[in-house]
1. For the residue pair LEU84 and VAL103, what label-to-label distance in nm results when each label sits 7 Å from Cα along the Cα-to-beta-carbon direction?
2. From the backbone phi of the stretch 209-216, what are the Karplus-calculated ³J(HN,Hα) couplings (6.51 cos²θ - 1.76 cosθ + 1.60, θ = phi - 60°) in whole Hz, Gly and Pro given as x?
3. Share of Cα-Cα pairs in the stretch 2-189 beyond 28 Å, in percent?
4. If you average the alpha carbon positions of the stretch 8-53 and of the stretch 166-234, how far apart do those two centres end up, in angstrom?
5. Across the stretch 176-190, in residue order, what do the Karplus-derived ³J(HN,Hα) couplings come to in whole Hz, using 6.51 cos²θ - 1.76 cosθ + 1.60 with θ = phi - 60° and x for Gly and Pro?
6. So for the chain, averaging the separation of alpha carbon pairs under 8 Å that are six or more residues apart and normalising by length, what relative contact order in percent results?
7. Using θ = phi - 60° and the Karplus curve 6.51 cos²θ - 1.76 cosθ + 1.60, what whole-Hz ³J(HN,Hα) does each residue of the stretch 77-94 get, with Gly and Pro shown as x?
8. Over 29 Å between Cα atoms, which of LYS42/LYS241; LYS126/LYS227; LYS31/LYS241; LYS42/LYS227; LYS31/LYS126 qualify?
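Please treat every number below as a calculation from the coordinates, not as lab data. Bear in mind the structure is a predicted one, so any value in this text is a computation, not a measurement. As a convention, Cβ positions derive from the backbone with ideal geometry for all residues, glycine included, and neighbour counts pool all protein chains shown.
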Amino acid sequence: MGWVFICNWLLLLIVAGGLHHWFYGVDGQGKLLKYDPRPYFKRKNALFKFGYQAWDNVYYSMIFGATFLCVLECFLRWSYAGGLINSLSFSAHPVWFIALFPVFALWQSFHFYVVHLALHQPAIYKHVHAVHHRNVNTGPWSGMSMHPIEAFGYLSAILIVLVLPSHPVHMLFLVYWLILGAASSHSGYEAIWARDRLALLLGAFFHQLHHRYYKCNYGNAEMPWDKWFGTYHDGSQDATKHTRDRKREMLR
Ligand SMILES: [Zn+2]
Ligand SMILES: [Zn+2]
């Protein structure tokens, strides 16, 4: 169990901490490929725990986000080992074994859309999801920075392995998908640009718009759930107007 905690905490520290250091620590590429031209909150702000967005986000990510993920991972590893989960081997079902990776990615996308929509119901939003949305101008640490109830809801996607027969490697795929996806989708930048070339595409515009306008883009870019359910925002002025109209309608 200790190794699970150390590995996941270290992974988050390296990925979110590394991205934060590049974008906001050494200011590696200034505003190049940054979505929001406003600066990241570096100044003291009473809205955040300890007075700073970065320390607040590190606290919530490490104490709730990463820790809950570790608890779930330990429980599922124990369940696989004890035969409580129907496991799947590559030798017996090679096609399904490979197909399960994209199936899990699609499942996570759908689960995120549904849970996220629930988090935006006024009563839940006020007491739970508002913790995450204090980050209007997000950074890599904002991704896993969430209220404990939200952490459980968001991370419960991983419990799909209790229903679908899988191998522990599929469960780990979801663990890393959740950690890495959250850090990159909140980085605030389209990509890492180093030595005059694109070094790594992060592509987080979709979720950046959610933090900017709230009532849109509840899912992620992997699946068009928002397009299908009428909550999609593509960044255009028309879409902003449509989102604001919908918000007004809901407040009536
Ligand atoms: Zn939200
Ligand atoms: Zn977010």
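1. So the two model labels end up 2.3 nm from each other.
2. With coefficients 6.51, -1.76 and 1.60, one gets 5, 5, 5, 7, 10, 6, 8, 7 Hz.
3. Values: 5229 of 17578 pairs.
So the pairs more than 28 Å apart make up 30 percent of the total in the stretch 2-189.
4. Result: 17 Å between the Cα centres.
5. Running phi through 6.51 cos²θ - 1.76 cosθ + 1.60 with θ = phi - 60° gives 6, 4, 5, 5, 5, x, 5, 5, 6, 6, 10, 4, x, 10, 6 Hz.
6. On the way: 327 pairs, mean separation 58.1, N = 252.
Relative contact order, the chain: 23 percent.
7. Per residue, the Karplus-derived 3J(HN,Hα) values read 4, 4, 5, 4, 4, x, x, 7, 10, 5, 9, 10, 10, 5, 5, 7, 9, x Hz.
8. In this structure, LYS42/LYS241; LYS42/LYS227; LYS31/LYS126 exceed 29 Å between Cα atoms.
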